[in-house]
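Below is one structure, written out as structure tokens; comments come after it.
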Amino acid sequence: MNNSAVVVEQLKKKYGDKRALNGFDLTVRRGTVHGLLGPNGSGKTTAVRILSTLVRPDGGRAEIAGLDIARHARAVRARIGLTGQYAAVDEVLTGRQNLEMFGRLFHLGGRAAKQRATELLERFDLTAAGDRGAGTYSGGMRRRLDLAASMILAPQVLFLDEPTTGLDPRSRGEIWESVRALVADGTTVLLTTQYLEEADNLASRITVIDQGRAIAEDTPEGLKRAVGADTLEIEATEAIDLPAVAKALARVCAGEPSTDDAELRVSASVSDRVAALTEVTRTLHDEGLDIADIRLSRPSLDDVFLQLTGRRAASEEVVR
Ligand SMILES: Nc1ncnc2c1ncn2[C@@H]1O[C@H](COP(=O)(O)OP(=O)(O)O)[C@@H](O)[C@H]1O
Ligand SMILES: [Mg+2]
């Protein structure tokens, strides 16, 4: 039995002179969420479009669920779902009508389409809003409706192309919940994202893509280890407090805190952000030390790129 839901070898795709994919490799294990992390213009959507048989590659090959995408396009299509940044939800129809329409499109009978719509509204927490026009939905509800539409046929492999780009943190969290529920039910997910935090939260493995090529593949932990963990930074009110602040921070971090005398700042990497923050504030309080500011920051896609390529993510504005 093949353990891989997706196998991609040396995919190539050119648009004019632009190499959107330039020998892209990827393997996604069955039943997992695999993150495809890269900046704007790095080739994520091109890869997803090729894998979902919407676009033909110029070279290379790919298999979904053991089926070659070129030779068995129709069988591949029957096994996948796709949610794009611009999904085909009709704003005039209600959420329920949209889902029923997709059901009919996928050749479900009227009754089956209705039943599936009801199930999916329930599952994506849209039952209460189901009979309202989709045009009135918030960004997060709209994305959940997109997700629901891509799940009509309970696909084996689901492609989620930047499902949370532009959403507020709360809606983002709701989408993450939905994705986890899908995977718990056995769906394999290929998730493209520009957020390291998102890939970290959802994916068991992450492939980093840059200029149409995979430049790294690792677990989120491995990637973060290479890049550096979360940083806890404290700004003292007075220079004289710096040693004591550094000492308090040293108790909760792995390495040695570093002190910036000019900026009155002490910072260190921490592995458990909440525990570190809680403990360090307690210590500061117990010792009667006042501070000007305290901040936690997570490593970003930029940090990953800086580490892997020595340059910032070559983000490209894609206007379409
Ligand atoms: N249909 C297209 N026509 C011309 N160029 C395209 C087209 N689709 C993508 N590209 C170009 O290919 C590169 C990769 O794009 P894309 O796959 O959309 O990246 P991402 O999804 O990572 O932002 C970009 O330089 C983009 O401008
Ligand atoms: Mg894209």
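Table for the structure above
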| read-out | value |
| --- | --- |
| Phi to ³J(HN,Hα) by Karplus 6.51 cos²θ - 1.76 cosθ + 1.60 over the range 205-211, Hz, x for Gly, Pro | 9, 10, 9, 9, 10, 9, 6 |
| Spacing of the two label points (7 Å from each Cα toward its C-beta) at residue 17 and residue 92, in nm | 4.4 nm |
| Pairwise label distance in nanometres, residue 225 with residue 250, each label 7 Å out on the Cα-Cβ vector | 2.6 nm |
| Largest-first ellipsoid semi-axes for the chain, taking √(5λ) over the Cα gyration tensor eigenvalues, angstrom | 42, 25, 16 |
| Reference-scaled alpha-carbon Rg (2.2 N^0.38 Å with N residues) for the range 63-124 | 1.32 |
| Simple Cβ-charge dipole of the range 205-269, Lys/Arg +1 and Asp/Glu -1, about Cα centre, in debye nearest 20 | 380 debye |
| Longest exposed-site-free window of the chain, the sites being GluC sites (Glu not before Pro) in a DSSP loop that have at most 15 other C-beta atoms within 10 Å | 92-237 |
| The range 28-36 - phi-based ³J(HN,Hα) in whole Hz, Karplus 6.51/-1.76/1.60, Gly and Pro as x | 10, 6, 3, x, 10, 9, 10, x, 10 |
| Over the range 151-190, volume per residue of the alpha carbon convex hull, in Å³ | 65 Å³ |
| Long-range Cα-Cα pairs in the range 43-98 (distance over 14 Å), rounded percent | 59 percent |
| The range 87-178 - convex hull of alpha carbons, volume per residue in Å³ | 91 Å³ |
| Candidate lysines for bridging to residue 224, where Cα separation is under 27 Å - those fewer than 8 sequence places away on the same chain excluded | 44, 247 |
| Integer Hz, Karplus 6.51/-1.76/1.60 couplings in order for the range 21-26, x for Gly and Pro | 10, 9, x, 8, 10, 6 |
| Selection from 300, 41, 148, by position along the positive dipole direction of the chain (Cβ) | 148 |
| 0 to 90° range, to nearest 10: angle between helix 139-150 axis and the chain longest Cα axis | 40 degrees |
| Distant-in-sequence amide H partners of residue 210 (H built 1.01 Å from N, under 5 Å) | 215 |
| Only Lys, Arg (+1) and Asp, Glu (-1) charged, at Cβ; the chain dipole about Cα centre in debye | 2340 debye |
| Kirkwood Rh in Å, taken over all unlike Cα pairs in the range 163-215 | 12.1 Å |
| Value of [θ]222 nm, deg cm²/dmol, for the chain, DSSP H segments ≥ 4, -39500 (n - 2.57) each, nearest 500 | -10500 deg cm²/dmol |
| Packing-based exposure ordering (other Cβ within 10 Å, fewest first) of 34, 107, 285 | 107, 285, 34 |
| Relative contact order (percent, whole number), the chain, Cα cutoff 8 Å, 6+ residue spacing | 20 percent |
| Computed lengthening from residue 273 to residue 115, 0.36 nm per intervening residue step minus Cα-Cα distance | 52.5 nm |
| Measure of compaction for the range 189-320 (Cα Rg per 2.2 N^0.38 Å) | 1.26 |
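Only the coordinates and a few stated rules stand behind these numbers; no lab work does. No experiment lies behind these values; they were computed from the predicted model shown. Positions of Cβ are backbone-derived with ideal geometry, glycine not excepted, and every protein chain shown enters the neighbour counts.
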